[in-house]
Amino acid sequence: MRDHGPVVTLPPMMEYGLQSGKAADYDGTDPGSLPNQSVSIASSPSPSSLIVVRSAHHLGAPGSLLLWGAVGAAALLLALVFTLGWGMWPVLVFALLELFGLALCLLALRRMSRYREVIRIEGDRVRLERGYGRPEIVVEFTRYWTRTVRTALPGGGGERTRLWLTEKQRGCEIGACLSEEERGALARRLTVLLGPTVYAPDRRWPD
């Protein structure tokens with residue numbers, strides 16, 4: 001375990017730093033129960049830092065089951081009334097199909113809630129890990145050449161942007177699951193750690 005400096009928490013969508021200054025392995029779970037407080041990052045960043053970006057738009061397993069159960073009970077009750085009272089059995093079939101579709105949607109949202117982007121800054125290296133429950137894509141940059149770049153989102157009227165970690169001619173998008181305000185907060189934190197963020201509205205890298 002390495003010491004990665006102070007804990008910084010910006011609810012609800014982003015977590016910066018580590019619990020008690022200790023590194024947490026990225027295994028698809030949150031990096032510890034971070035305290036509900038914000039600690040400013042010093043103007044001179046520590047040699048090692050960790051940023052975890054995650055989406056908080058999910059109900060969690062209990063909430064998903066509760067929603068599915070409530071909708072299912074109401075739909076099946078109504079379908080049984082029509083089926084037993086008037087013999088309209090297709091209503092029951094459609095109710096079951098609706099419940100199946102709702103279950104698929106909740107499972108998809110559950111998978112999205114496990115998405116993480118982990119940015120590790122250690123010494124002269126910047127390492128980006130992202131994936132659902134585990135690092136599926138790992139990209140490493142040289143810290144000296146790494147820059148944070150914001151580009152304009154096509155069709156966004158100049159008000160919506162994308163955020164990239166770049167090194168010379170290659171780049172990797174980060175923070176796509178965040179709101180515009182949260183993406184700006186992430187850019188400001190990276191500015192402290194990596195230097196000024198560049199705004200290049202027309203610049204593009206392969207997705």
Residue within the range 138-155 that is within 17 Å of S55 (Cβ to Cβ) and either at pLDDT 85 or above or not aliphatic (A, V, I, L, M) (or both) present: no
L50 being on the phi < 0 side of the Ramachandran plot, in contact with a Gly (Cβ under 9 Å, 6 or more places away or on another chain) and among the aliphatic types (A, V, I, L, M): yes
Selection from the range 82-121 of residues that are in contact with a Leu (Cβ under 9 Å, 6 or more places away or on another chain) and touching a residue at least 40 places away in the same chain (Cβ under 8 Å): L106, L109, R110, S113, E117, V118, I119, R120, I121
Residue among L99, L128, L84, L104 that alone is under 17 Å from C177 (Cβ atoms) and either at pLDDT 90 or above or of a type in the set (F, W, Y) (or both): L128
Residue within the range 128-137 that is without any contact (Cβ under 8 Å) to a residue 40 or more places away in the chain, touching an Asp or Glu at 6+ places or on another chain (Cβ under 8 Å), exposed (fewer than 12 other Cβ atoms within 10 Å of the Cβ) and in a helix (DSSP H, G or I) present: no
Enumeration of residues in the range 145-167 that are crowded, with 17+ Cβ neighbours inside 10 Å and of a type in the set (A, V, I, L, M): V149, A152, L163, L165
Qualifying residue in the range 104-116 (condition: in contact with a strand residue (DSSP E or B) (Cβ under 9 Å, 6 or more places away or on another chain), outside any helix (DSSP H, G or I) and crowded, with 18+ Cβ neighbours inside 10 Å): yes
From R189, R170, residue being in contact (Cβ under 8 Å) with a residue 24 or more places away in the chain, surrounded by fewer than 15 Cβ atoms within 10 Å (Cβ to Cβ) and basic (K, R): R170
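The values are calculated or read from the model by the stated rules, or taken from the named source; none is laboratory data. Since the structure is predicted, the reported quantities are computational estimates derived from the model, not experimental observations. Glycine also receives a Cβ, built like all others from the backbone with ideal geometry; neighbour counts cover every protein chain displayed.
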